[in-house]
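Please read the structure below before turning to the comments.
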Amino acid sequence: MRSIKQYACLGGFCLGMFFLLCSTTGMAQSASLKSSIEKGKTVYVQRCMVCHQQDGGGVPHLNPPLDGASAVKGKDKSKLISILLKGMSDRVEIDGEYYSNNMASHADLSDQQIADVLNYIRNNWSNKVPTPVTPAEVKSVRAKTK
Amino acid sequence: MLRFSVLLLAGCLLASQSQANDTLQHRKSAAIMPDADNAGLKLPTGFSALKVAENVGRARHLVVNSQGDVYVKLSGKVGDKGILVMRDLNNDGRTEEITGFGNYGGTGIAIHNGYLYASSDEEVFRYKLNAKGAVETPYQPEKIITGLINRRQHESKSITLDKNGNIYVNIGAYSNSCQVKDRQPGSLGMNPCPILDSAGGIWQFKSDVLNQTYGNGVRFATGLRNVVGLDWNNQTNSLYVTQHGRDQLNSLFPQFYDTTTNANLPAETMYEMKQGDNAGWPYVYYDPFQNKKMLAPEYGGDGKTEGSAAYKNPAMAFPAHMAPNALLFYTGSMFPEKYKNGAFIAFHGSWNRAPLPQEGYYVAFVPFENGKPTGKWEIFANGFAGVDVITSTRAAQHRPCGLAQGPDGSLYVSDDNKGTIYRILFNGN
């Protein structure tokens with residue numbers, strides 16, 4: 001007959017394994033987000049920095065800031081993906097301001113590159129959005145974009 | 001001191017006291033005390049500066065009437081006012097009363113032959129001035145030009161007037177380099193560029209005819225991407241303009257340009273434009289290191305191939321991307337002789353040089369002799385940005401945008417970021 005102690009031990013072991021498993025998947029995820037952010041920086045420097053600036057501050061009345069922007073920090077990842085695929089010259093109000101430059105389509109970037117640059121702008125400067133954008137999400141939005 | 005107030009009392013006070021003539025204006029300015037820190041500006045020896053007003057709105061171009069009242073064109077309205085009238089009631093050189101009118105945003109403003117002219121991003125209006133240089137019927141302007149293209153990019157309509165009853169209006173190109181897809185990496189240029197039919201140049205209209213549009217005007221000069229600063233030079237009796245050169249050589253054509261070449265190319269340029277002249281946008285850009293007009297990469301260029309020599313050469317070239325937003329030929333007598341008939345240029349400051357530090361954010365001076373620029377340009381007034389190194393445009397506190405000459409010969413500078421109006425005086429020997 002096993003003692004209570006043994007059961008407790010087994011339970012403890014299972015629980016421990018469970019936590020370990022959780023934390024390794026957690027770690028694996030954040031490690032992949034981390035590397036995506038890092039790769040995203042290269043894309044940002046080549047493609048976006050000229051307009052949105054090094055500090056994500058944009059250019060007053062011309063190019064909107066990405067640092068602190070509610071759309072960039074927001075839940076609607078499809079909208080962000082679609083801005084990169086289609087470009088933007090809607091002249092809509094962005095956080096209370098209008099901007100007069102044209103952003104071209106960046107659809108020639110790969111699904112991975114688009115996910116990377118979005119993860120970079122969502123997790124740089126004052127922005128911290130742990131939910132990653134994945135290449136699969138980009139692929140599915142791309143399929144729906146004409 | 002900067003409240004909006006339609007002070008009847010103040011108006012009366014002003015009317016009774018202001019029979020000012022040139023000498024009186026001179027005596028007045030002799031009594032003006034500059035700010036202890038020269039408004040934060042760095043100036044040549046003998047010059048000083050003060051802030052006439054602060055936080056007035058997005059002050060684009062400005063003009064000063066014979067009484068020293070300052071008219072400022074705002075790009076975004078403050079309340080329902082797109083033109084501010086700033087008055088100095090106690091002769092301290094600063095503004096005590098601000099009123100306004102003109103229910104539209106815009107950039108251009110000028111005074112000529114008894115009228116105040118002002119532009120929205122599509123139209124030009126004028127207002128009759130009374131003997132005291134004031135607008136008497138601010139709500140009944142005459143619309144002289146209408147229907148000009150505004151596609152939000154390079155939308156401001158800057159204006160200047162000549163001695164023969166003509167007004168010149170810049171219509172900026174709604175594109176960076178006339179690509180099939182604007183600003184898309186690798187997209188080629190449309191050939192011929194269809195934008196040039198209705199934009200990308202300077203149009204000439206009559207200064208006193210109502211409701212003119214493209215059909216009534218003349219495309220006076222073309223091949224100019226975006227001109228925000230322009231002025232009629234009364235000495236040469238010709239039009240001078242400052243062009244904003246193209247952006248993004250390296251992000252659009254990384255196979256030919258790197259970040260450093262993009263930061264330094266192309267030059268910002270000043271041209272003397274005669275009727276029919278073509279400065280070559282979008283087909284060529286000016287390289288100030290080789291002193292050549294280079295074929296744009298959208299039209300087959302690779303950074304090494306020269307473009308057609310037929311296009312106009314600039315009268316002066318400046319570092320890339322600094323955004324010359326105002327041009328003013330100085331005709332006053334307050335500043336030393338060297339400045340007479342020379343050109344002041346307000347550089348709004350760059351954003352296209354990233355990751356290299358941004359440049360500009362100052363007022364430059366180009367000396368002229370016998371109607372030609374002599375030697376080198378120089379920085380005249382600096383320190384508007386309030387920081388030494390600008391890595392991102394938003395770090396700059398003030399951005400020079402407009403220039404005007406007061407009746408006493410002092411130089412006014414507007415800032416469209418924080419809305420500061422500066423006044424620069426000479427009181428050295």
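Name every residue in the range B:256-312 that is assigned to a loop (DSSP other than H, G, I, E, B), within 28 Å of B:Tyr361 (Cβ to Cβ) and open to solvent by less than 30 Å² (accessible area, probe 1.4 Å), in order of residue number.
Hits for the range B:256-312 are B:Tyr257, B:Leu265, B:Pro266, B:Ala267, B:Ala279, B:Gly280, B:Trp281, B:Pro282, B:Ala296, B:Gly303.
Whether any residue in the range A:107-122 is under 30 Å from B:Asn226 (Cα atoms), within 13 Å of chain B (Cβ to nearest Cβ) and either among the acidic types (Asp, Glu) or part of a loop (DSSP other than H, G, I, E, B) (or both) is what I want to check.
Among the residues of the range A:107-122, at least one is under 30 Å from B:Asn226 (Cα atoms), within 13 Å of chain B (Cβ to nearest Cβ) and either among the acidic types (Asp, Glu) or part of a loop (DSSP other than H, G, I, E, B) (or both), which makes the answer yes.
Name every residue in the range B:335-379 that is part of a strand (DSSP E or B) and of a type in the set (Gly, Ala, Ser), in order of residue number.
Scanning the range B:335-379 gives B:Ala343, B:Ala346, B:Ala364.
Only one of (1) assigned to a helix (DSSP H, G or I); (2) open to solvent by less than 10 Å² (accessible area, probe 1.4 Å) fails for B:Tyr240. Which number is that?
Here B:Tyr240 meets the rest and fails (1).
Go through the range B:191-218 and give me each residue that's over 17 Å from B:Leu230 (Cα atoms), among the aliphatic types (A, V, I, L, M) and crowded, with 17+ Cβ neighbours inside 10 Å.
Within the range B:191-218, B:Ile195, B:Leu196 qualify.
For the range B:125-138, which positions are at pLDDT 95 or above and open to solvent by 10 Å² or more (accessible area, probe 1.4 Å)?
Scanning the range B:125-138 gives B:Phe125, B:Arg126, B:Lys128, B:Leu129, B:Asn130, B:Ala134, B:Val135, B:Pro138.
Among the residues of the range B:218-255 satisfying the criterion of being within 14 Å of chain A (Cβ to nearest Cβ) and farther than 21 Å from B:Met322 by Cβ, which is farthest from the chain's Cα centre (by Cα)?
Result: B:Gln255.
What are the residues in the range B:139-153 that are assigned to a loop (DSSP other than H, G, I, E, B) and open to solvent by 30 Å² or more (accessible area, probe 1.4 Å), if any?
Across the range B:139-153, the qualifying residues are B:Tyr139, B:Gln140, B:Pro141, B:Thr146, B:Gly147, B:Ile149, B:Asn150, B:Arg151, B:Arg152.
Mind counting the residues in the range B:361-391 that are closer than 23 Å to B:Glu54 by Cβ and touching a Gly at 6+ places or on another chain (Cβ under 9 Å)?
7
Just to check your reading of the model, which residue among B:Ile195, B:Ile202 is more than 19 Å from B:Val72 (Cβ to Cβ) and within 14 Å of another protein chain (Cβ to nearest Cβ)?
Within the list B:Ile195, B:Ile202, the selection yields B:Ile195.
Could we say that A:Ala104 is over 17 Å from A:Met49 (Cβ atoms), out of contact with any strand residue (DSSP E or B) (no Cβ under 7 Å at 6 or more places or on another chain) and not charged (D, E, K, R) here?
no
B:Asn91: in contact (Cβ under 8 Å) with a residue 60 or more places away in the chain, within 14 Å of B:Val63 (Cα to Cα) and open to solvent by 30 Å² or more (accessible area, probe 1.4 Å), yes or no?
In short, no.
Considering only residues that are outside any loop (DSSP other than H, G, I, E, B) and surrounded by 24 or more Cβ atoms within 10 Å (Cβ to Cβ), look in the range B:384-401 and name the one that is nearest to the other protein chains (Cβ to nearest Cβ).
Going through the qualifying residues, I end up with B:Thr393.
Would you point out the residue of the range A:51-102, among those that are assigned to a loop (DSSP other than H, G, I, E, B) and hydroxyl-bearing (Ser, Thr, Tyr), that is nearest to the other protein chains (Cβ to nearest Cβ)?
So, considering only residues that are assigned to a loop (DSSP other than H, G, I, E, B) and hydroxyl-bearing (Ser, Thr, Tyr), the one nearest to the other protein chains (Cβ to nearest Cβ) is A:Ser100.
Taking B:Lys163 as the residue in question, decide whether it is open to solvent by 40 Å² or more (accessible area, probe 1.4 Å), away from chain A (no Cβ under 14 Å) and either assigned to a loop (DSSP other than H, G, I, E, B) or within 19 Å of B:Val124 (Cβ to Cβ) (or both).
Judged against the criteria, B:Lys163 is a match.
For the range A:30-46, state whether one or more residues are without any contact (Cβ under 8 Å) to a residue 24 or more places away in the chain, crowded, with 21+ Cβ neighbours inside 10 Å and within 14 Å of another protein chain (Cβ to nearest Cβ).
No; the residues of the range A:30-46 include none that is without any contact (Cβ under 8 Å) to a residue 24 or more places away in the chain, crowded, with 21+ Cβ neighbours inside 10 Å and within 14 Å of another protein chain (Cβ to nearest Cβ).
Tell me whether the range B:368-379 contains one or more residues that are surrounded by fewer than 24 Cβ atoms within 10 Å (Cβ to Cβ) and under 15 Å from the mean Cα position of the chain (by Cα).
No - not one qualifying residue is present in the range B:368-379.
Find the residue count for the range B:166-183, including only residues that are surrounded by 19 or more Cβ atoms within 10 Å (Cβ to Cβ), within 11 Å of chain A (Cβ to nearest Cβ) and either under 19 Å from the mean Cα position of the chain (by Cα) or not in a strand (DSSP E or B) (or both).
Final tally of qualifying residues: 6.
Report yes if some residue within the range B:328-350 is modelled with pLDDT of 95 or more, within 15 Å of B:Pro266 (Cβ to Cβ) and touching a helix residue (DSSP H, G or I) at 6+ places or on another chain (Cβ under 9 Å); otherwise report no.
yes
The values are calculated or read from the model by the stated rules, or taken from the named source; none is laboratory data. Keep in mind that what you see is a predicted model, and the values were worked out from it rather than measured. Every residue, glycine among them, receives a Cβ derived from its backbone with ideal geometry; neighbour counts consider all protein chains shown. Side chains included, ligands, DNA and RNA excluded: accessible areas come from the protein's heavy atoms. Shrake-Rupley method; radii C 1.70, N 1.55, O 1.52, S 1.80 Å.
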